[in-house]
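S.K.: To start, I am sharing the structure in question, which I have written as structure tokens.
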Protein chains: 2
Amino acid sequence: MSTATHNAEALAQKLADSGLRSTPQREVVYDVLLRKRDHPTADEVFARVKSGLPSISLATVYNCLETLVQCDLVRAVNFERSPTRYCPNLRPHAHFHDEQTGKTHDIDLPPELLEKVSSVLPVGYDAKSVEIIFRGKATKSVASGG
Amino acid sequence: MSTATHNAEALAQKLADSGLRSTPQREVVYDVLLRKRDHPTADEVFARVKSGLPSISLATVYNCLETLVQCDLVRAVNFERSPTRYCPNLRPHAHFHDEQTGKTHDIDLPPELLEKVSSVLPVGYDAKSVEIIFRGKATKSVASGG
DNA sequence: CTTGCGCCTTAGAACCATTCTAATTTGTTG
DNA sequence: CAACAAATTAGAATGGTTCTAAGGCGCAAG
């Protein structure tokens, strides 16, 4: 059994778990992500997928990616590429993004935690900054820190 | 001396350090950020600024925000918005974003680190996910992890 | 005080990733 | 084969951000 076949079956299983179908488009998109793990954008996935499935559309690539994310097979990651929110708090802090209210809260960080986090970097990686983002909900109404 | 005046002077100083001028627009934008620390978007800043400076343009708000970020007076934070990247690595990991090459690398995380990081959340914050992003440069050529 | 030069601001167009819409195709079930 | 649901498609629409070209303003030199 080839790896691609194996992946296709695992994919079909996961999709079925969510009541979704396996389709050639979904298989190829997933395969592209597994083949080269360089965190491609949707456009890059589109370009790669077209070599195996020339008729696929960009909209479908977006649809497939979203489907894969919903099935917990793929993670969506956002990097910079356009500052969205601004805060004047210059002390070390993380951000908590409340998915229910859309509000963002600063979370103070003890300096030694940042050190600890940075210490996971292998030799050869020189980090200039670290960003920590929590997502979830604030169960009680918490002070806005304004 | 009012707080606003104090901020304006600190701002002027910081701007001067970078060879830039203090302007009414820059002062008002900075003041808006200090007044309500709810991580506003550029559009929100624009709306607030207009009440004090009705003639200001959105482009200027963007310019001012970028200037403030460059002077280390304000931090830009990205959430959802922005070209999304996708990765099929489901194990706990952080991302290292190499600013020179634009490439992204997975950094494996020991599970206890995620616990430690999550433990900084005060009572009332219930995080569903944590994202850790390093930015910097990879000094040696490191394996791409592909 | 006037002139010149460069920094800032401005409006609106351009850009680009993403989402939406409406129509077609595909697959499944009876 | 018929009917219905799910998925794909092309292209238009959306929306935040950046770019462009033109005008305004302040500072320095004369």
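The values are calculated or read from the model by the stated rules, or taken from the named source; none is laboratory data. Keep in mind it's a predicted model, so treat the numbers as computed, not measured. All Cβ positions, even for glycine, are placed from backbone atoms using ideal geometry, and neighbour counts span all protein chains on display. When the accessible area is computed, the model is the full protein with side chains, heavy atoms only, and any ligands, DNA or RNA have been set aside. Shrake-Rupley method; radii C 1.70, N 1.55, O 1.52, S 1.80 Å.
S.K.: Scan region B:37-59 and give yes if some residue there is out of contact with any Phe, Trp or Tyr (no Cβ under 6 Å at 6 or more places or on another chain), within 18 Å of A:L90 (Cβ to Cβ) and away from DNA strand D (no atom under 13 Å from the Cβ), otherwise no. Write out each step before concluding.
M.R.: Taking region B:37-59 first, the residues out of contact with any Phe, Trp or Tyr (no Cβ under 6 Å at 6 or more places or on another chain) are B:37-41, B:43-57, B:59.
Remaining after also requiring within 18 Å of A:L90 (Cβ to Cβ): B:37-40, B:45.
When the remaining residues are screened for being away from DNA strand D (no atom under 13 Å from the Cβ), the result is B:37-38.
Checked against the condition, which is being out of contact with any Phe, Trp or Tyr (no Cβ under 6 Å at 6 or more places or on another chain), within 18 Å of A:L90 (Cβ to Cβ) and away from DNA strand D (no atom under 13 Å from the Cβ), region B:37-59 yields at least one hit.
S.K.: Considering only residues that are more than 13 Å from chain B (Cβ to nearest Cβ) and away from DNA strand C (no atom under 12 Å from the Cβ), which ones fall in region A:22-39?
M.R.: Within region A:22-39, just A:V28 meets the criteria.
S.K.: Something else now. Select from region A:92-107 the residues that are modelled with pLDDT under 85 and open to solvent by 50 Å² or more (accessible area, probe 1.4 Å) and write down the one among them that is farthest from DNA strand D (Cβ to nearest atom).
M.R.: A:Q100
S.K.: Tell me which residues, restricted to region A:24-36, are surrounded by 17 or more Cβ atoms within 10 Å (Cβ to Cβ) and charged (D, E, K, R).
M.R.: Hits for region A:24-36 are A:R26, A:E27, A:D31.
S.K.: Grab the helices (runs of 4 or more DSSP H) fully contained in region A:7-115, keeping just those with 3 or more residues being in contact with a Cys (Cβ under 9 Å, 6 or more places away or on another chain). Full working, then the answer.
M.R.: On the way: elements: A:24-35, A:42-52, A:58-70.
Fully inside region A:7-115 and qualifying: A:24-35.
S.K.: Run B:G52 past the list (1) more than 10 Å from DNA strand C (Cβ to nearest atom); (2) within 11 Å of chain A (Cβ to nearest Cβ); (3) at pLDDT 90 or above and report the number of the one that doesn't hold.
M.R.: So B:G52 meets the others, but not (2).
S.K.: Another question, if that's okay. Mind listing whichever residues of region A:22-36 are of a type in the set (D, E, K, R) and either within 11 Å of DNA strand D (Cβ to nearest atom) or touching a Phe, Trp or Tyr at 6+ places or on another chain (Cβ under 8 Å) (or both)? Give the derivation first.
M.R.: If we filter region A:22-36 for residues that are of a type in the set (D, E, K, R), which is where we start, we get A:26-27, A:31, A:35-36.
Answer for region A:22-36, where residues must be of a type in the set (D, E, K, R) and either within 11 Å of DNA strand D (Cβ to nearest atom) or touching a Phe, Trp or Tyr at 6+ places or on another chain (Cβ under 8 Å) (or both): A:R26, A:E27.
S.K.: A further question follows. Against the condition on the phi < 0 side of the Ramachandran plot and away from DNA strand C (no atom under 15 Å from the Cβ), how does A:L11 come out, does it pass? Before the answer, list the steps.
M.R.: Working: on the phi < 0 side of the Ramachandran plot: yes; away from DNA strand C (no atom under 15 Å from the Cβ): no.
Against the criterion (on the phi < 0 side of the Ramachandran plot and away from DNA strand C (no atom under 15 Å from the Cβ)), A:L11 does not qualify.
S.K.: If B:G124 passes every condition in (1) on the phi < 0 side of the Ramachandran plot; (2) facing chain A (nearest Cβ under 7 Å); (3) surrounded by fewer than 16 Cβ atoms within 10 Å (Cβ to Cβ) but one, which one does it miss?
M.R.: (1)
S.K.: Same structure, new question: For the subset of region B:60-71 comprising residues that are within 12 Å of DNA strand D (Cβ to nearest atom) and among the aliphatic types (A, V, I, L, M), which member is nearest to A:N89 (Cα to Cα)?
M.R.: Restricting attention to region B:60-71, the residues satisfying the condition of being within 12 Å of DNA strand D (Cβ to nearest atom) are B:60-67, B:69.
Imposing the further condition that a residue be among the aliphatic types (A, V, I, L, M) reduces the set to B:61, B:65, B:69.
Numbers: B:V61: 19, B:L65: 14, B:V69: 12 Å.
Residue satisfying both the conditions and the ranking: B:V69.
S.K.: Here's a follow-up. Which count do you get for residues in region A:40-62 that are over 17 Å from A:V74 (Cα atoms) and of a type in the set (S, T, Y)?
M.R.: Total meeting the criteria: 3.
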